[in-house]
Amino acid sequence: MELFEAIRREYQFGVGTVKGVARKFGVHRRMVREALSDAIPKERKPGQRNRPKLEPAIAFIDAILESDLKAPRKQRHTAHRIYNRLLAEKPEIAVAEATVRGYVREKKLQIGLIHRETFVPQSYTWGQEGQVDWYEMVAELRGERQKVQIFCLRSMASAGAFHYAYPHASQQAFLEGHELAFHYFGGVFHLLRYDNLKSAVQRILRGSQREETARFVAFRSHWGYAAEFCNPARGNEKGGVEGEGGFFRRNHLTPVPVARDYAHLNELLREASGQDEGRMVGERSVSVGAAMAMERENLLPLAKDGFDLAAVRFPVVNSSGCVKVLTNSYSAPLAAGTEVEAKIHATYVELWRQGKCVARHERCFGRQQKVLDLNHYLEALERKPGALAGATALEQWRAQGKWPASFDRYWEGLRQRQGKQAGTRAMIEILLAGQKHCAERLRQAIERALELGCSDKAAVEYLLTEERAEKQKPEAIELGALLAYERPQPTMAAYDQLLRNTPVEVIQ
């Protein structure tokens, strides 16, 4: 705009010719004529530049961004993550990260919005504050994709973080995650900041006041820390843990992690946290791991004993041999009408009677479901063998892989040899005998009996205790002077004449 004004003034009050103005300002005569015709420059279309370095990578980047449209919203690729994958998977493509970032930004503008929020920087002293949150991810467990809840506790001073996976964000998982995190950091933070999650808050009152759950108050008192809660819908008030969840998900949970079970998944999360201890965060002068070591001295000491995390109920065994815990039913090896103590943990449920744990089940997070163990019904099935074939507990065992195909083959052999009812009763007695041993030992005994061609209960019972029945051969010892009394072994050759085919005279 200023150049156009100078051109117009020079033409009007200076040299007065197009050629002279162009020579003075070092521009083309077309620009001089354009400035004389209109004081406002015309908008110019940006030129299309060739991208020879980026061109080979465009198809790869587009494929990633297209797959992100189907991925969970918080587990999509960043430009930096795409660049790292380019280096690892397409090393023959030489392109700068800035070029990739520019293209990814353009592409993402075509498929969605980029939300950015401004946060006010804060300063924290060692051990002063930690922030707690749940975030969701997708993992492939046992070959099936499912949603997983991740408990996260982040230190605001050291930037260290603890991540732990649960199938459900229950109160028991919430409290257990705290204890595991305290042991991970080596102490307890003076203050923990939360959302208004139901595990801790019953009701939001005016201002910063909250009506907290009794169990959370007892837990907080046990460990001796203070708690603060964010205002509703203001996640930026605990931006540290919010950002930690996003960072961890992008860098360690993308692409979707694959694990055998939750124990294996948590091992992977722990390894990823260990990798993060070596990184530098922001403008800090020490690594996360070194900062955690310095912060440990300023944390509150750990309690001598852990908090009793289990929620307790006192249900009664019904006529189906089950007790109802929360919204689901769990089998118990007790008579109908017996009252039991049900302890509800984060991932399992225990049933206690007279100070003894009589049953333990994996916790079910559905509604109106039955979780059954066939072992709990064997005594009843011994009296009613015909009910085994259609038992729901047997169906669940088949689905869980606890009833191998070898069991069915042996059961069929028993029925063919002893009859349907007697053979089924014999199979039930085998299962009862197998309770004294592990499930793997029972499977090996049945498969060994099949190899030997046995179809008898006693054969399996013997094979179960075969190892204990085996006697070791005594070691050879030196006889010394006793060799003088050695005599040859007796022979039975004289008796062979009895085997000859000779007529026998019978005395009348």
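Among the residues of region 1-44, those that are of a type in the set (Phe, Trp, Tyr) and touching a helix residue (DSSP H, G or I) at 6+ places or on another chain (Cβ under 9 Å) comprise Phe4, Tyr11, Phe25.
Every condition in (1) assigned to a helix (DSSP H, G or I); (2) closer than 30 Å to Tyr83 by Cα holds for Arg49 except the one numbered (1).
Within region 432-446, work out how many residues are open to solvent by 60 Å² or more (accessible area, probe 1.4 Å) and either farther than 25 Å from Asp373 by Cα or not basic (Lys, Arg) (or both). Explain how you work it out, then say what you get.
First pass over region 432-446, keeping only residues open to solvent by 60 Å² or more (accessible area, probe 1.4 Å): 435-436, 438-440, 443-444.
Going one step further and asking which of them are either farther than 25 Å from Asp373 by Cα or not basic (Lys, Arg) (or both), we end up with 435, 438-440, 444.
Matching residues across region 432-446 total 5.
Among the residues making up region 80-100, those that are more than 15 Å from Ala59 (Cα to Cα) and either touching a residue at least 12 places away in the same chain (Cβ under 8 Å) or under 28 Å from the mean Cα position of the chain (by Cα) (or both) are His80, Arg81, Asn84, Ala88, Ala96, Glu97. Given the criterion out of contact with any helix residue (DSSP H, G or I) (no Cβ under 8 Å at 6 or more places or on another chain) and either closer than 20 Å to Gly240 by Cα or part of a strand (DSSP E or B) (or both), identify the matching residue among Arg154, Arg145. The conditions single out Arg145.
Just to verify a result, which residue in region 171-199, among those that are in contact with a Lys or Arg (Cβ under 8 Å, 6 or more places away or on another chain) and in a loop (DSSP other than H, G, I, E, B), is surrounded by the most Cβ atoms within 10 Å (Cβ to Cβ)?
The first filter runs over region 171-199 and keeps only residues in contact with a Lys or Arg (Cβ under 8 Å, 6 or more places away or on another chain), leaving 171, 175, 185-187, 193-196.
Those left that are additionally in a loop (DSSP other than H, G, I, E, B): 186-187, 195-196.
Details: Gly186: 14, Gly187: 16, Asp195: 22, Asn196: 16.
That would be Asp195.
If I go through region 200-228 residue by residue, how many of them are open to solvent by 30 Å² or more (accessible area, probe 1.4 Å), not in a strand (DSSP E or B) and not charged (D, E, K, R)? Number of matching residues: 10. A single entry from Glu97, Glu34, Glu10, Glu55 fulfils the requirement of being on the phi < 0 side of the Ramachandran plot and exposed (fewer than 13 other Cβ atoms within 10 Å of the Cβ): Glu55.
Restricting Ser123, Ser155 to residues that are small (Gly, Ala, Ser), surrounded by fewer than 21 Cβ atoms within 10 Å (Cβ to Cβ) and either within 22 Å of Gly306 (Cβ to Cβ) or free of Cβ contacts under 8 Å to residues at least 60 places away in the same chain (or both) narrows the list to Ser123. Against the list (1) more than 25 Å from the chain's Cα centre (by Cα); (2) in contact (Cβ under 8 Å) with a residue 24 or more places away in the chain; (3) in a loop (DSSP other than H, G, I, E, B), the condition Asn231 fails is (2). Looking only at residues of region 37-46 that are open to solvent by 60 Å² or more (accessible area, probe 1.4 Å) and part of a loop (DSSP other than H, G, I, E, B), we find that the one that is nearest to Arg8 (Cα to Cα) is Asp38.
Of all residues in region 58-73, those being open to solvent by 30 Å² or more (accessible area, probe 1.4 Å) and under 15 Å from Ile111 (Cβ atoms) number 7.
Which of the residues belonging to region 33-66 are touching a Phe, Trp or Tyr at 6+ places or on another chain (Cβ under 7 Å) and closer than 30 Å to Lys19 by Cα? Scanning region 33-66 gives Ala35, Leu36, Ala39, Pro41. For Trp352, the criteria (1) open to solvent by 40 Å² or more (accessible area, probe 1.4 Å); (2) at positive phi hold in every case but one, which is (2).
Scan region 280-322 for residues that are among the β-branched types (Val, Ile, Thr), open to solvent by less than 70 Å² (accessible area, probe 1.4 Å) and farther than 21 Å from Gln128 by Cβ and the total you get is 2.
Of the residues making up region 434-444, those that are touching a helix residue (DSSP H, G or I) at 6+ places or on another chain (Cβ under 6 Å) and modelled with pLDDT of 90 or more number 1.
The values are calculated or read from the model by the stated rules, or taken from the named source; none is laboratory data. Just so it is clear, the structure is predicted and the values come from calculations on it, not from any experiment. Quick reminder, even Gly has a Cβ in these numbers, built from the backbone with ideal geometry, and neighbours come from all protein chains shown. Note: accessible area is taken over every heavy atom of the protein model, side chains too, but ligands, DNA and RNA are not part of it. Shrake-Rupley method; radii C 1.70, N 1.55, O 1.52, S 1.80 Å.
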